Structures are given as C-alpha cells and as structure tokens.
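Visitor: Please see the structure below; I have some questions.
The values are calculated or read from the model by the stated rules, or taken from the named source; none is laboratory data. Quantities reported herein were computed from a predicted structural model and do not represent experimental measurements. Note that each Cβ is placed from the backbone with ideal geometry, even for glycine, and that neighbours are counted across all protein chains shown. The area values use the complete protein model at the heavy-atom level, side chains included, leaving out ligands, DNA and RNA. Shrake-Rupley method; radii C 1.70, N 1.55, O 1.52, S 1.80 Å.
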Amino acid sequence: MCLSTIYKNEKADNNVLCKFVATITADGDTLTFVDVMGDVTTIVGRLVMADLTAGTVIVAAE
C-alpha cells in the first residue's frame, strides 16, 4: 500500500497538511485528501508534484 504525505508549497516538516493519504480527488481548484483512517482534508490549490514511490505530494495552496 502506497500512502503519501501532503506538503503545502514545499517539502518541509512545518508544511505538512496531512499524512498517510490513500486517496486524492481533484475537482477544479479543490483538492480532497482522504487518509487511511478516513479523515478528510480539503483545500483550494493545485497539484505541483507527486512522487508516489517516495510517498510525497506537493500542492500549491493559499
């Protein structure tokens, strides 16, 4: 199972939006992340980079 950590703007410990994300859904500029426990995080932003092998996703968000 590949789970990811979502970072805001750049990969840094203080920029973590959520961890152990299993599902990412995009609807226009709204991104929704669902972690392995079912917790949902929704932001307005855009995908910058996803390295699923490393479990890293970076999004641009306000």
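Visitor: Once you have the alpha carbon radius of gyration of the chain, what is it after dividing by 2.2 N^0.38 Å, with N set to its residue count?
Guide: The value comes to 0.98.
Visitor: Looking only at L31, L17, L52, which one moves most when the chain is put into a Gaussian network model with springs between Cα atoms under 10 Å?
Guide: L52
Visitor: Rounded to the nearest percent, how much of the accessible area of segment 3-62 (1.4 Å probe, protein heavy atoms only) is carbon and sulfur?
Guide: 50 percent
Visitor: About the Cα centre, and with charges only on the beta carbon of Lys, Arg (+1) and Asp, Glu (-1), how big is the dipole of the chain? Nearest 20 debye, please.
Guide: Rounded to the nearest 20 debye, it is 100 debye.
Visitor: Per residue, what accessible area does the chain have, given a 1.4 Å probe and all protein chains present, in Å²?
Guide: Accessible surface, normalised per residue, equals 66 Å².
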